[in-house]
Every structure is written in structure tokens, then in C-alpha cells.
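Values in this text are rule-based calculations from the coordinates and carry no lab data. Since the model is a prediction, treat every value here as computed from it, not as a measurement. In this analysis, Cβ positions are derived from the backbone assuming ideal geometry, glycine residues included, and neighbour counts consider all displayed protein chains.
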Amino acid sequence: MQGHKDNNFSLSCSESMEYLKLSNLSNLETSLCLGQESELGHEKNWAALLIMLIVVVTITGNILVIMAVTLERKLQNATNYFLMSLAIADMLLGILVMPISMVTILYGYSWPLPAILCPLWIYLDVLLSTTSIMHLCAISVDRYIAIRNPLAHSRAKSAWRARAKITAVWTISASISMPIPVLGLHDHTKVFKEGSCFLTDSSFVLIGSFMAFFMPLTIMVVTYFLTISALQSEATLCLDRLVPRPRWSGSLALGFLPYEKKLFLRRSLTLSNEQKATKVLGIVFILFVVMWCPFFVTNVLVAVCDSTICHNDIISGLHNVFVWVGYLSSAVNPLVYTLFNKTYRSAFARFVKCQYREERKPLRLILVNTIPPLAYQSAIAEALGDFSSPLKRQKLEYCKRITEESVSCV
């Protein structure tokens, strides 16, 4: 995910100084040339400032996520372990890959470091970017399983199972990117062209783009639509079970009005949950497509397009911009996947104030915040009846799980 150097460029002022001396041009023209060189330097500085901002936000945001999962006991579960692993990949991308990419931009996409580091840098770039994408794919699949079969998912949400899934994500990403250092260290022409450091093997670019993006994209599209459908049907089914049927007595009004009120609340809650789930899942999917799809499309075009058909200079310029749009995804991930969660927000606010432990609430506030959930559970228990038997306990946990999943959405 590297930049390409443009082949067609005008003669720079530094390269044309000898021509100025031979042609006896005036001092005025020489000073104008030096002024143009100074203006170009200012433009590069502004670009570097914007890129540096992306790097700082990427590193800082993902460090906050790692700290939150590490220090907050409430966040130490299988789902948040996935988010912490995603944050580690994005943080390493901001530390090891983005700064070197910024340096190559300042050098006109020429590689300024030792040649042996070029294939290693490309390897880290592909590894960490692919790992970030694979984490998003794995999270979407895990969410669908959690909503479709919550009882089986809750039994499987142990720490070692979460570590096994995370290890599988990193292993798949490493397998996709491993040929890069092997080929690059053996043959430098695979990673060098006209002084720039980028992959030149078209077949590897095509296969890597398919496995690192287009295949996970297909899985994410399918699972997100299945998740929305399952969320709507399961939430409605569970709430139907929670609301008891009206108990008709001698008076019609006494049995009818409470049931109508509960029925109205059930429909309102179902609609609200569906809207929240659709909105959050839509944001996640749209951001993923918008930030990564342009890069991989231009990546494929650079590999397959002939110079007689495509404008290579235009495609290369777009490719250089879309690289950083993809990098920006690593800065946005902490916002999308954590700021919808109140626990993450409160943890971030404390960390910014250098408060790494949660303040204990007074007993009065604890009682106020505890009574409504207890009352809600009592209402569920009353609707389900006696749940002392294992089957009814599973039914209770099933409905609670579905309701929490539909409300939290992420």
C-alpha cells in the first residue's frame, strides 16, 4: 500500500541552475526560480502537517482503546479483546508504517532508506493493513453468530476461544503478506522501480487484493445484511414472548387497556432497536467501503491497465491519495467501534485527565442505578413464570441476550 512516483515531471529549479548559468539569464529570473522552489517547500510542509495529524490521531486513539480494555474490568470480555487486537494492529500501523510513508512523500516517492528495508516495510504495511481489515470481517461474523445463536455464542465466549480467533486472524494476515519479504529480499526488482519502493509483481498484487479486501468485503456484506435481518426477527420474537397475553376478567376494559399499552410499548421498542442496529451497522459498512475500496480498485487498475488504455499518471496520483484514505481507517476505527459504548467514553474521559481508576459511586447512586434493572428482570421473570427449571432459565437468558444485543448494536 505504497505510493508510486510520477514519471512525467518538469525540470526542477535545482536541476536547471546550470542551464541558467549557460544561458546568461538575469538575476531576476534566478530569484524567481528560487522563489518557486521555496513555495514548493511550503506546500510539502503543509502536506506533512496534515499527514502527521493523521498519524498522531491513529496512535493516540488506539492506545486509549488498549488502555481501556486492559484497565477496565467491565470491558474484559471476548468482544472487546477483538477490539483491543484491532487497536494493536492500527497502532503499529501508525508507528511503523505511516511515518516512513510520510518520509517517502517528502522525498518525491523516492526510497531514502537502505534498500534492504524496503521489502520489510512493504511487508509490515500489507500485514497490518490486512490484519485491520480481517478484524473488521471477524467482528461482523462474530456479531452475526451472537445474534443468531446467543446461547451457543455465550458458552463459546471464553478467553481462550477469543485468543484462538484472534490468533487465526493474525495468522491468515501473515500468510497473505509473507511472500513479500521472501520475493523482495531475493529479487529487488519485485519491490523497486525507478527508485520508488512498491510492489511491481502484478500477479501478487491481484491475488493479494482479492484475499485482503474483496473476499472480506463479500463476507462483511453478507453478514451485515444477515445480522440486520436476524436482529429484527429475533428481537420481535423475544419481545412477543416477554409480553403476556391479556387475562380476561369480568370487566373487558380492565384486561384490555394494560395489554394494549404493553403492545404499543413492544412495537415502539422493536422499531427503535431496529433503527439503532441499522444505523450503526450502516455506518460501519459505509466507512469500511469508502475508505478501503478506492485504494484497492486503483491498486488493481495499476496492475492490469496498459499505458495505452489508462492514464498511468492520473491513476498513480489517485493511488497515492487513496493510500492515506485507507490509513485513515485505522484512525476512525476507535471512534466507530468504541464511542457508541458508554463505558469506553467514560474510560477515555478519565484517561485524558490522567485518572486511571474509576471513582466509586456513593451508595445512594448505586441503589438508584441498580433498582431499575432489578425491576426489569422481575418483569421478565413474571412474564416467563417460574424459571427455576434449566429450560426456563435458558429462555430467560436467551431473551435478555437478544434485548441487550439489539439495544447495544455494537
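A few remarks follow.
- Using the average count of surrounding beta-carbon atoms within 10 Å as a protection proxy, the listed peptides 53-64, 319-330 rank, highest first, as 319-330, 53-64.
- P(r), alpha carbons of the range 185-232 - 10 Å bins starting at zero, rounded %: 23, 29, 21, 15, 10, 2
- Computed label-point distance, nm, for sites Ile95 and Cys305 using a 7 Å Cα→Cβ extension: 3.7
- The ellipsoid that matches the Cα gyration tensor of the range 84-163 has semi-axes, each √(5λ) in whole angstrom, of 38, 11, 9, with the longest given first.
- Taking 0.36 nm per residue of separation and subtracting the Cα-Cα distance, full extension of the segment from Ile219 to Ser202 would add 3.7 nm.
- Principal axis dimensions, the range 73-231 - Cα atoms, whole angstrom, descending: 57, 34, 26
- Label positions at Gln76 and Ala48, each projected 7 Å from the Cα along the C-beta direction, are separated by 4.4 nm.
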